[in-house]
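For reference, the structure discussed in these notes is given below.
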Amino acid sequence: MHFTSEQRLDDGTLERAFVLDGIPGILWTPASAPVPVPLILLGQTPLGLGTMYPRLVGRARRAAADGFASAAIELPGSGERPRRAAAGQARAEVRRAMQAGEPVGEETVDALILPLVDKAVPEWQAALDALLALPGIDGPVGYSGGVISIGVRLAAVEPRLAAAGLFAGSLVPRAIIEEARRVTIPVHVLLQWDDEGNDRQAALDLFDAFGSKEKSLYANMGGHTGVPEFAGEAAAQFFDRHLK
């Protein structure tokens, strides 16, 4: 891991940009911490770190205020990373189906999501190796955000993950719903009930499939961008319970 820049935000949070095996990322740590702090991995959409930065830094500031470090990495095919032609074709088919008011076919969902998950999860695990080796950061570790299928796979295969707060808002392959049965850590799922780009029933099927003894579904009325601010309080309380 090579740090490329750092700045102190106005609330004291330390923000450091890094590159790990060619993958850009950002690490945020609290202004002061007498002991090593837990870590939250901030999942994001494929829009890229640059586009998502305002939302990510808001989440990172809240995590720092609660005593957590947090980190995000650029997803495969996002930002300056090489694009995958098949993913572009799948995205075009998703847009066509949605504009026509048609359901998105399972083959299209698989082509768009599964290769992304297959590549992103090992990258998150490599980032986790490097982050936990830094002074001042320790477990337990949480995952927060989307793409929800990435969070599900990571929660199923990564033993260092202690809790997952997932954002329902992306297409979910049936294979990922089956993988959710292997997830046993506490799970908190945020669902916008009227999300225009989300298959609500698939999100509910996914939630039902989780094998966790503790799982909560936090649903609000409204579309994809209508998440109420108070929804963040419930997520913060979830991580406070399980990472401290």
May I ask you to list the residues in the range 180-201 that are buried (at least 23 other Cβ atoms within 10 Å of the Cβ), aliphatic (A, V, I, L, M), touching a strand residue (DSSP E or B) at 6+ places or on another chain (Cβ under 6 Å) and modelled with pLDDT of 95 or more? 187
Mind telling me which of the residues 60, 71, 111 ends up being surrounded by 12 or more Cβ atoms within 10 Å (Cβ to Cβ), in contact with a strand residue (DSSP E or B) (Cβ under 7 Å, 6 or more places away or on another chain) and without any contact (Cβ under 8 Å) to a residue 60 or more places away in the chain? 60
For the range 138-151, check the following and say yes or no: at least one residue is closer than 12 Å to residue 210 by Cα, part of a helix (DSSP H, G or I), among the aliphatic types (A, V, I, L, M) and at pLDDT 95 or above. no
Between a residue in the range 1-28 that is in contact (Cβ under 8 Å) with a residue 60 or more places away in the chain and any residue that is acidic (Asp, Glu) and not in a strand (DSSP E or B), which pairs come within a Cβ distance under 7 Å, given they are 6 or more apart or on different chains? 23/74; 23/123; 25/74
Positions within the range 139-170 being closer than 19 Å to residue 59 by Cα and of a type outside the set (Gly, Ala, Ser), in sequence order: 140, 141, 143, 147, 148, 150, 161, 166, 167
So, in the range 141-179, how many residues would count as being buried (at least 16 other Cβ atoms within 10 Å of the Cβ), more than 20 Å from residue 112 (Cα to Cα) and of a type outside the set (A, V, I, L, M, F, W, C)? 5
Identity of the residue in the range 3-54, surrounded by fewer than 14 Cβ atoms within 10 Å (Cβ to Cβ) and hydrophobic (A, V, I, L, M, F, W, C), that ends up farthest from residue 146 (Cα to Cα): 35
Go through the range 211-232 residue by residue and tally those that are under 13 Å from residue 169 (Cα atoms) and part of a loop (DSSP other than H, G, I, E, B). 6
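The values are calculated or read from the model by the stated rules, or taken from the named source; none is laboratory data. All values derive from a computational prediction rather than experimental measurement. Cβ: placed from backbone, ideal geometry, glycine included. Neighbour counts: every protein chain shown.
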